[in-house]
Amino acid sequence: MANYRIPQHVSSELKINKVLYLTDLGILMGLLLFTFVMSNLVHSSIVWFFYLFMLLVAGLVIIRPVTNPKKRIYEALYLAVRRRKDTYLAIDYVVEEVDEKNHQKDGEVDGHIR
């Protein structure tokens, strides 16, 4: 009988190249449109600084943090702002007890988990 692998994640992002996804391209196009619309409100002597600032913002928005590679920076910022400040969520750490006599973890028999 054949052993078939069933995929757990059906949805995936469309990748344009090694680092750029379709979502990133949409965000960059939106920021480009926003930059050109807002550049009319910026004084003409500092418009190049505004362009440089918006380029920096665009780069920071689409990068993925090392600590959470499935989320982009803007998603992490949104979740941080949206979270409830009056709620405490405990992080449970699992402590494995080791049997000193046999040097086995709880639930193990002869090195194998029951």
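The values are calculated or read from the model by the stated rules, or taken from the named source; none is laboratory data. All values reported here derive from a predicted model rather than from experimental measurement. As a convention, Cβ positions derive from the backbone with ideal geometry for all residues, glycine included, and neighbour counts pool all protein chains shown. The area values use the complete protein model at the heavy-atom level, side chains included, leaving out ligands, DNA and RNA. Shrake-Rupley method; radii C 1.70, N 1.55, O 1.52, S 1.80 Å.
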Would you kindly state how much longer the chain becomes between Leu20 and Tyr4 on full extension, computed as 0.36 nm times their sequence separation minus their alpha carbon distance, in nm to one decimal?
2.6 nm
Where q = 0.21, 0.22, 0.24 Å⁻¹, what log10 of I(q)/I(0) comes from the Debye formula for the stretch 1-73, counting one point per Cα?
-0.97, -1.01, -1.10
Treat each spin label as a single point 7 Å out from the Cα along the C-beta direction, and report the Leu31 to Lys85 distance in nm.
2.7
Ordering Lys85, Lys71 by the accessible surface of their heavy atoms, 1.4 Å probe, largest first, yields Lys85, Lys71
